[in-house]
1. In this structure, is ARG156 open to solvent by 30 Å² or more (accessible area, probe 1.4 Å), within 16 Å of the ligand (Cβ to nearest atom), of a type in the set (Lys, Arg) and part of a loop (DSSP other than H, G, I, E, B)?
2. So which residues in the stretch 72-96 are within 16 Å of the ligand (Cβ to nearest atom) and over 17 Å from GLY423 (Cβ atoms)?
3. Go through the stretch 405-424 and report how many residues are part of a strand (DSSP E or B) and either under 19 Å from TRP49 (Cβ atoms) or free of Cβ contacts under 8 Å to residues at least 40 places away in the same chain (or both).
4. Does THR431 satisfy the condition of being of a type outside the set (Gly, Ala, Ser), within 23 Å of GLY74 (Cα to Cα) and either outside any helix (DSSP H, G or I) or touching a His at 6+ places or on another chain (Cβ under 9 Å) (or both)?
5. Quick one: ILE184 ticks every box in (1) within 23 Å of the chain's Cα centre (by Cα); (2) surrounded by fewer than 15 Cβ atoms within 10 Å (Cβ to Cβ); (3) free of Cβ contacts under 8 Å to residues at least 60 places away in the same chain bar one, so which box is it?
6. Against the definition (modelled with pLDDT under 95 and open to solvent by 50 Å² or more (accessible area, probe 1.4 Å)), how does ASP302 come out, yes or no?
7. Being open to solvent by 30 Å² or more (accessible area, probe 1.4 Å), over 24 Å from VAL61 (Cα atoms) and not charged (D, E, K, R) is the filter here; which residues of the stretch 405-448 pass it?
8. Only one of (1) surrounded by 15 or more Cβ atoms within 10 Å (Cβ to Cβ); (2) within 27 Å of SER454 (Cα to Cα) is not met by GLY44, so which one is it?
Amino acid sequence: TEAPPGLDPKRLGELLDEERARWIEARPRSAALRERARRSQIHGTPQHWINQFPPPVPLTVERAAGARLYDVDGHEYADFGLAGTAALWGHDHPAVVTALRDQLGRGSVTLWSHEDHVWVTEELRHRFGLPFWQFTVSASDANRFALLLAKVTTGRRRILIFNRAYHGSLEQTAAVLSPDGEVIPQPGVEPNGVDVRETTKVVEFNDLDALERALAPGDVAAVLAEPVMTNGGAVIRPEPGFHAALRDLTRRTGTLLIIDETQTIPAGPGGCTREFGLEPDLITMGKCIAGGVPAGLYGMSDTVAAAAARYTEHGDGGLGSTMASGPLAVRAMRAVLGEVMTDDTYARLDRLGERYERDIAAVIARYDLPWHVGRLGGRVSYAFTPGPPRNAGRLYPSVGSAARKALWLYMANRGIVVNAMSGGGLMSPLTAEADVERHGALFAEAIGALTGRSG
Ligand code: PMP
């Protein structure tokens, strides 16, 4: 078993085995459902990645409420994973539930305009600063359409992403840097429909020299970037001056800038765009924006909107989807934007996040581990690096590693669920303060068990 600095590989392997056995032992109904599912689902899971998560039998949910999960074997968990930001507002926020109940009596899909659409796009314009907005079914789709419109606007075909960024299930963004700096398909995606060496440039986050070299030929339609990288829940901050230089380099080379806010909504009521004063040409988002109803959005500048309007005047241009902008999703967005994404909510996320971060920092210090904890509002994550990670390239292969799995299982076996890939935690307005405290105590206990020391 490979272990991060500070942990003993043998002990880690033993703990992982123990925690796996303990998990299975206490979950006979989940195990039986998994076996049944194997006959009609690949890997016996509704989405393939659940099979790669730490538990040997998936957490099989009976219901979710507040910021808690209840499984079919009678276990209750404080949920800090929150569906990878999709359940950021909690599983049953009263404002969202009330709006959806009412909307169910008024129709779920019409393929026509509603007043709610106008309310939402006006609100987005005000919050995020971009004038024009369109609806999608997911954040993946928002990125797909944003990239297409960037190509339409610039007449260029290539795009640029930062190494190990995740922007959804898009063929063109499934590219990473090899150890010797070549663009290669992300492990596990070949063969897909594109040759990423032709379509995609990749540089490390915070590497402005590499970015300048990559944009210099003037053949990139857009840089697609998270404002803070959040791989699987991590927090990788831009270094001072990074965003200003990114904007300057993109402008000087006629390259559009797309900011993917899907995971950075926990930073503030206008995402990082408002928090950092960014000036992107396009913004994309999804996940939590409709409080749990599938939905995404992309916003654009006047210039991109004018190109998009010309492009779609006589055909569909490969944009859109029948189920995008359905009234259920849009009504939920109105509730989220109007009643949930408030300054009060963000103050609470910040307060809970601070406590959660402080507890992890204290354990890292107490055990003298060369690890780092970072926070973006209500998102907290630790990395097996002595200081803050500069880029996501450095986080791999520790994401999904044995240590992550052992920590996840140790905590989940005792009633706390964190992000299944990174171990990161998300605060929701429904998160109980007592659960945050419990997390701190349990994290200390888990590290004690992993190191075999009492700290
Ligand atoms: N952008 C980012 C930054 C993401 O993390 C994700 C998903 N984790 C997506 C886009 C795609 O979201 P979805 O899977 O909901 O389409």
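1. no
2. ALA86, ALA87, LEU88, TRP89
3. Final tally of qualifying residues: 1.
4. So THR431 passes the test.
5. (2)
6. So ASP302 does not fit the description; no.
7. ALA441
8. All conditions pass for GLY44, except number (2).
The values are calculated or read from the model by the stated rules, or taken from the named source; none is laboratory data. Only a predicted model underlies this, so the values are computations on that prediction, with no experimental measurement involved. Here the Cβ is made from the backbone with ideal geometry for all residues, glycine too, and neighbour counts use every protein chain on show. Ligands, DNA and RNA are stripped out before the accessible areas are found, and what is left, the full protein with its side chains, is counted by its heavy atoms. Shrake-Rupley method; radii C 1.70, N 1.55, O 1.52, S 1.80 Å.
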